[in-house]
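Undergrad: Okay, here's the structure, questions in a sec.
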Amino acid sequence: MRVLSETPRSAELIVVGGGIVGAGTAFWCSRAGIPTLLLEARPALGQFTTAVAAGGYRLQLEHEDELQLVSRSVDLFHRFAEETGQSRYDPDLRQQGYLWLTTDPARVEAQRALVDAQRSWGVAGVEHLSGDVARERFPWLSGDVVGARFRAGDGLLDPRSLTMGLAEGSDAGVLTSWPVDRILVRDGRVEGVAGPRGSVAADAVVVACGPLSAPLLRTAGVELPVRALRRQRLAVWGAPEIPADAPMTIDEDTTAHWRPTRFGAFGLFPDPAEAAGEPHDQVAADPAFALRLLDPASDVALARVAPFWHEVWERNTAQWAVQAGEYTMTPDQRPLIGPGPVEGLWINTGYSGHGVMASPAGSELLAGLLSGAASPAENPFHLDRTFVASTQAF
């Protein structure tokens, strides 16, 4: 990337948003030979929703149509230095698996059916385990666990390093602290963008700023079928009980989950009581969220399926903090990728919580559509599709 000190008067292509989606878009568009300018409102890239992502990737998906997208992203993760042509940033890939657990005998058959479906889609290495077999592999599991599904090839990564590596590997010009508050349109065609620091003319604009995409697009007269949904992340450190080699571990009965980090763990819970709505430039975190996950008396406690969390709670010396971001939700929980209704306007957003694992490939698809290397017929994520509501938790 080329960090710019001055704002250019014009650009062939402007990408708005410097998180994982914007960085991926800038990477693939510049690789396609399109001179690209990346504009980020904050002082550094990857500081909004990307900074509080869970940082997991998986082929254990609930819907087949996302599989090709995520599979391509996973290929990129495993060949990151080679594909990006840079070695400054390493996404810290760790194949520790994804482990989905249930204590409800009635849910075991549904787990088995999903594993069978994933195998029929070509997903290799996915297993359905009894509670006893799961405990043989992961001795820290509760005796109440009666079923599990697991894939060792799924894993963990660092979203911010991934973002920075994509930006570093691009030839895009980058301006930070450059908020965009208007898309300039004349006679039905994009002319550029404008904000407090001035304006930049452009032949094309890609809006890739997550939950803030919808209000920005309204300035061009475009309404997106997206809503912002707060998601919180608990960071815990100073807890030696946490197994560092554990997989992403999901209590399928409650959807509470956790993953180890280099310093401790992240705990997450997609609370169904959270209401989707308009996005926020600053997302407020609720400290009580930590107690819902850490207190074993809670109905969504992490200790329900992993009893060592009881010890973390009882010792009561671990440090913790709660952070918050927002998912950009579409009705079918699939991304919006492709041209908008205004000539020269392109959209890459709506990943509905799957941005880290799906947007690198989604951005490659967008760059192909923009450059003409990909056919619109290859894109199931176009904006004018029929939306069928999805109920997946995350």
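Undergrad: Condition first: acidic (D, E) and under 21 Å from S170 (Cα atoms). Now tell me which residues in the stretch 37-88 satisfy that.
TA: E40, D75, E82, E83
Undergrad: Do the conditions hold for S177, that is, is it part of a strand (DSSP E or B) and among the hydroxyl-bearing types (S, T, Y)?
TA: Against the criterion (part of a strand (DSSP E or B) and among the hydroxyl-bearing types (S, T, Y)), S177 does not qualify.
Undergrad: Here are some residues: V145, V180. Which one is in contact (Cβ under 8 Å) with a residue 24 or more places away in the chain and over 24 Å from E311 (Cβ atoms)?
TA: On inspection, the qualifying residue turns out to be V180.
Undergrad: Identify, please: which residue in the stretch 180-198 is among the small types (G, A, S) and outside any loop (DSSP other than H, G, I, E, B) and is, among those, farthest from the chain's Cα centre (by Cα)?
TA: Result: G198.
Undergrad: OK, next. So, in the stretch 136-164, how many residues would count as being part of a helix (DSSP H, G or I) and not aliphatic (A, V, I, L, M)?
TA: 6
Undergrad: Assuming E168 fulfils every condition listed in (1) assigned to a helix (DSSP H, G or I); (2) farther than 20 Å from G56 by Cβ; (3) not assigned by TED's automatic domain parsing to the domain that holds A361 apart from one, which condition is it?
TA: (3)
Listed here are the residues, each with its yes/no results for (1) under 30 Å from G33 (Cβ atoms); (2) loosely packed, with under 14 Cβ neighbours inside 10 Å; (3) in contact with a strand residue (DSSP E or B) (Cβ under 6 Å, 6 or more places away or on another chain).
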residue	(1), (2), (3)
P287	no, yes, yes
D299	no, yes, no
H310	no, no, no
V322	no, no, yes
P331	no, no, no
P341	yes, no, no
G353	no, no, yes
G368	yes, no, no
D384	yes, yes, no
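Undergrad: Going through the stretch 24-62 one residue at a time, which ones are under 16 Å from the mean Cα position of the chain (by Cα), more than 30 Å from E127 (Cβ to Cβ) and not aliphatic (A, V, I, L, M)?
TA: Result: G24, T25, G46, Q47, F48, T49, T50.
Undergrad: In contact (Cβ under 8 Å) with a residue 24 or more places away in the chain, among the small types (G, A, S) and closer than 24 Å to A324 by Cβ, is that true of A44?
TA: Considered against the rule, which asks whether it is in contact (Cβ under 8 Å) with a residue 24 or more places away in the chain, among the small types (G, A, S) and closer than 24 Å to A324 by Cβ, A44 comes out as yes.
Undergrad: Say whether the condition of being aliphatic (A, V, I, L, M), crowded, with 20+ Cβ neighbours inside 10 Å, in the same structural domain as G55 (by TED's automatic domain parsing) and at pLDDT 95 or above is met by at least one residue in the stretch 176-189.
TA: Within the stretch 176-189, one or more residues are aliphatic (A, V, I, L, M), crowded, with 20+ Cβ neighbours inside 10 Å, in the same structural domain as G55 (by TED's automatic domain parsing) and at pLDDT 95 or above.
Undergrad: Looking at (1) in a loop (DSSP other than H, G, I, E, B); (2) closer than 27 Å to V108 by Cα; (3) of a type outside the set (K, R), can you tell me which one V222 breaks?
TA: Result: V222 passes all but (2).
Undergrad: For the stretch 97-133, which residues satisfy the criterion of being part of a strand (DSSP E or B) and buried (at least 18 other Cβ atoms within 10 Å of the Cβ)?
TA: Result: Y98, L99, W100, L101, T102, V126, H128, L129.
Undergrad: Under 9 Å by Cβ, and 6 or more places apart or on different chains, what pairs join a residue from the stretch 101-127 that is under 14 Å from R58 (Cα atoms) and modelled with pLDDT of 95 or more with one that is of a type in the set (D, E) and assigned to a strand (DSSP E or B)?
TA: From the stretch 101-127, the pairs are V115/E127.
The values are calculated or read from the model by the stated rules, or taken from the named source; none is laboratory data. A quick note: this is a predicted structure, and the numbers were derived from the prediction, not measured. Positions of Cβ are generated from backbone atoms using ideal geometry, with glycine treated the same way; all protein chains shown enter the neighbour counts.
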